[in-house]
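The values are calculated or read from the model by the stated rules, or taken from the named source; none is laboratory data. Note that the structure is predicted; figures quoted are calculated from it, not measured. Cβ placement follows ideal geometry from the backbone for every residue including glycine, while neighbour counts extend to all protein chains displayed. Areas reflect the complete protein model, heavy atoms only, side chains present, ligands, DNA and RNA absent. Shrake-Rupley method; radii C 1.70, N 1.55, O 1.52, S 1.80 Å.
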Amino acid sequence: MPEAKYLLVGSSHAGLEALRAIRRLDADGSMAMLTKDSQLPYSPTVLPYVMSGRSKPDAVILRDRAFFDETGCVYAPGQAAQSLDTKARLVTLADGVQWRYERLLIATGAAPAIPPIPGLQSVPFHVLRTLDDAVNLRTRMGLARRAVVLGAGLVGLHAAETLAEAGLAVSVIEMKNQVLPGYIDAKASERIEAAFASHGIKLLLGRTATQVAALDGGVSVTTDDGRAIEGDMLLVATGVKSCTEWLAGSGVEIDRGVLVDDRMRTSAADVWAAGDVAQGLDFASGERQVLGIIPTAVEQGRIAGFDMAGDAKQKPWAGGLPVNTYRFFGRPAVSVGQAAAEGDGFEVVEQEQPRKYRRIVLADNRLVGIITVDDPFDAGIMGELIRRRVDLGAMKDAFLADPTQVGRRLMSEMWR
Amino acid sequence: MSIAFDTIAFRAPKCDGCGECMKACSAVKQGASRISIVPGASAGAFEMALCRQCGDPKCVMVCPAGALTKNGASGVIDWSADKCVDCLLCTSGCAYGAISADPVGGRVIKCDQCGGDPACVSACPSGALEWGGAGSIYNRFGEMEDMFVPGLAGCQGCNSELIMRHVMRRVGRNSVLATPPGCIPGMGSVGYNGKTGTKVPVFHPLLTNTASMLAGIRRYYDKVGRKDIVVMALAGDGGTVDCGFHAVSGAAERGEKILYVCVDNEGYMNTGMQRSGATPYGSWTSTTPVGDKLKGKTQDAKNMPMIMVAHRAAYVATASTAYMEELYDKLDRAIEASFKGFSYLHIYSPCPTGWRVASNKVIEACRMSVESNFVTLWEYTPEAGLRFTRSPDRPIPVVDYARTIGKYRHLDADQLAHIQAKVDEQVALLKRLAGEVATAPAALAAAPARTSTPDGAATPPLRHETFRP
Ligand SMILES: Cc1cc2nc3c(=O)[nH]c(=O)nc-3n(C[C@H](O)[C@H](O)[C@H](O)COP(=O)(O)OP(=O)(O)OC[C@H]3O[C@@H](n4cnc5c(N)ncnc54)[C@H](O)[C@@H]3O)c2cc1C
């Protein structure tokens, strides 16, 4: 039976960062990384660029074979975990092989959530989460003229742009009244909407798809206002759900994701979870949420890795911060923290200029969120200011006028 | 052994915000500057954002495209224009504001250190940016054989151990070493139980006769034709400027071919922190206590390296471990000169125990002593004369340095003014020796140096130490 002191399931950002953290403390404890993917590690975030052809599928790998040799980690692709027995410390794979572990990291990420729209399951549709998905989409895209996209989140918008740039007529159906709901405010959304409109993309906001039907080789999607939107291809991008199916019956506590504490420990002994699969502390609310972004996956992976390797000196995690760096038609929209917050206790400063937009949210003279369109900033520094709850004091006006300069100054002083 | 990397260092107090670094960077990179200087907390203060080429880079870990990699050979975080998909996620990973979108073109930009010859550093007129070669030094000297036993019993943070090990790594096995009484033999270099603490022959001469003894050893080696041996001392300031002074002076005057390294910790630290001739004015020591009447040492230190210049020694230099590149350059020249004549290297070495400096602040103390001109770095040969190896211009106030040292904690404004005036006077004198024009400094301020021999009078007589050009 194969076994490992450290068994990492999932080969993306969370798993890779855990590997690195473990190796910093334990140079030669046996380690293996199992993954459902048949490829070397890659990031789901790069897939829109594979779909567009900008990145070649073999050029997006994050680590090569030599890396795994050097770090002494067995890399086992094409191995889907199917069940977990925390008492016997066994992970059973789809082909029946069992791996024994001393310490286990669950880093299986998330997969597209397929909404229960009548008819959807009986038509062919695409999703975008794996390299194979991206390659399929690229092939299909070359044969289609019209595309329908469900969902105007990051995945939906990225794909819609790519499809439009490839010459397809694209319609995007989104339940909420704005794009990127949850990440950005309505005014920022308007600027993005305008860009999509000017590139000929139809954004149907505030609309729900009520029915999907096959239509000679393509699909027809009916919306709640009774319209029928036709396409030669359909992409479902209505959100993701954590990949926890394989943990059924294991006793590991699961809510929307695997529940973890401030060191990424799950409810089971010697089992950790990190990344899109984990439901951990959210910095702003103090509650446990699935944030579903790379920065959080990396932070959680690192904490989990250090804890797995027995680092007793780690500080408990302060929680994840939403970070979103998005480009549409080459233009940047960047947000950090509670960028869309409003109401009691928040001081919101909106700076609307023809060529750029900035919204800064303060609470108690401290930054809690910031979003800009066409005015990129140091997202890492803003994250630090939020996390450290830096009192802007007398610098507030200077900060509002030039967050980049004042942010750099504050960090430079702090690091010296 | 792991390898270390050279870096660009920023000395905020020296930066005047001229922006030359940013202009130079923009010009070389044909885009926005990778280094950014921003206004600081007070008028005239500046701060900097620049890639630190982290050993544990978060920008790399959040990159979804494999476009950023830590280069194991150069230490630089390389950016691949081909792989980058312009997603800007890396900017969320950097807490230094050091990887950001170029306003023109929108691609991310970051410092690549110009391949080891950064344009910003060359362009910096104030010395605020420096190319620190510490990484290369570590790599080069880390590979060399250490000449001392492991586990010398120096105090925590002791700078002298660093000096001993570095110097002897460079000098190598072909040497004979004398370590007169002091911390250096005290921490175990002479050895225990009949075995030496070094891999080279080591002697423990008297405090008084080190240079004379070495003169004899060198003459003997010369006589038997062994001209390749470095005959040297690692001595403290007590054994050099006080008790051993006549021997040092005599050897220098006779031109004995010796490498004499004085490790100056400003007192007899090994025996309980007594004052020496190298102890600066105002210092607390166990023999210059601080109480109702006495407020530390009442005389200024003698400047031993300048005294050696007056001997026209073959080579004289001062060095500090805050500037190891320089220290090594000078050591090379000092070794070479020791085959021609008397070669004197004076290395300043703050003592964490005797000076009341936190063990992790010793190198910082070295740096501030140099930045305030309390210590000046220069070298001299009879042929080339004296030259500064670090500009003494634009110093920080001496009080900033003194505040970091426990033995100066009690100093009042008058005493601090005296030290500042003394420092200015020394620099002015050195500048004249270096052929640089110097204005005469103001006369030494209040609280002048006094004799420590009580004369029975209530107020000791003033000793006027006015600089006269
Ligand atoms: C199109 C797209 C765009 C995105 N854009 C951004 C963005 O701009 N910024 C951002 O921060 N985030 C973005 N994200 C989200 C980001 O990619 C994820 O947050 C991140 O990849 C999470 O990493 P992870 O390691 O938790 O899991 P994942 O990346 O989801 O990886 C999970 C790993 O587990 C493996 N796995 C799953 N199930 C099993 C199993 N049963 N057995 C074995 N292996 C299994 C998978 O093969 C994979 O290797 C985007 C995602 C997509 C799809």
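Quick look at the values:
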item	result
Candidates B:Y323, B:Y281, B:Y315 - the one that is touching a residue at least 60 places away in the same chain (Cβ under 8 Å), within 16 Å of B:A233 (Cα to Cα) and not small (G, A, S)	B:Y315
Test: residue in the range A:84-91 that is within 9 Å of the ligand (Cβ to nearest atom) and either modelled with pLDDT of 95 or more or within 14 Å of chain B (Cβ to nearest Cβ) (or both)	yes
Filtered residue count, the range B:176-192, keeping only those that are part of a strand (DSSP E or B), surrounded by fewer than 22 Cβ atoms within 10 Å (Cβ to Cβ) and out of contact with any helix residue (DSSP H, G or I) (no Cβ under 6 Å at 6 or more places or on another chain)	1
Qualifying positions in the range A:300-328 - of a type outside the set (G, A, S), within 11 Å of chain B (Cβ to nearest Cβ) and in contact (Cβ under 8 Å) with a residue 40 or more places away in the chain	A:R302, A:L321, A:P322, A:V323, A:N324, A:T325, A:Y326
Segments classed as strands (runs of 3 or more DSSP E), wholly inside the range A:110-195, with at least 2 members that are away from chain B (no Cβ under 14 Å) and away from the ligand (no atom under 14 Å from the Cβ)	A:146-150, A:169-174
Residue pairs meeting the criteria (Cβ under 9 Å; at least 6 apart or on separate chains; first more than 14 Å from chain B (Cβ to nearest Cβ) and within 24 Å of B:A65 (Cβ to Cβ), in the range A:285-299; second of a type in the set (K, R) and near the ligand (Cβ under 8 Å from one of its atoms))	none
Single match in A:G231, A:G257, A:G251 (criterion: assigned by TED's automatic domain parsing to the domain that holds A:S12 and under 26 Å from A:P181 (Cβ atoms))	A:G257
Filter result (touching a residue at least 60 places away in the same chain (Cβ under 8 Å) and touching a strand residue (DSSP E or B) at 6+ places or on another chain (Cβ under 8 Å)) within the range B:326-336	B:E326, B:L327, B:L331, B:A334, B:I335
Residue check, B:M61 assigned to a strand (DSSP E or B) and either open to solvent by less than 20 Å² (accessible area, probe 1.4 Å) or within 11 Å of another protein chain (Cβ to nearest Cβ) (or both)	no
Residue selected from the range A:346-376 under the condition assigned to a loop (DSSP other than H, G, I, E, B) and more than 18 Å from A:G330 (Cβ to Cβ), by the criterion nearest to the other protein chains (Cβ to nearest Cβ)	A:Q353
Selection from the range A:216-251 of residues that are part of a strand (DSSP E or B), open to solvent by 20 Å² or more (accessible area, probe 1.4 Å) and within 16 Å of the ligand (Cβ to nearest atom)	A:V240, A:K241
Residue within the range A:389-403 that is within 7 Å of another protein chain (Cβ to nearest Cβ), under 26 Å from A:Y326 (Cβ atoms) and at pLDDT 95 or above present	no
Within the range B:365-398, tally of residues that are touching a Ser or Thr at 6+ places or on another chain (Cβ under 8 Å) and surrounded by 16 or more Cβ atoms within 10 Å (Cβ to Cβ)	17
Filter pass, A:S198 being hydroxyl-bearing (S, T, Y), touching a strand residue (DSSP E or B) at 6+ places or on another chain (Cβ under 7 Å) and over 15 Å from A:G119 (Cβ atoms)	no
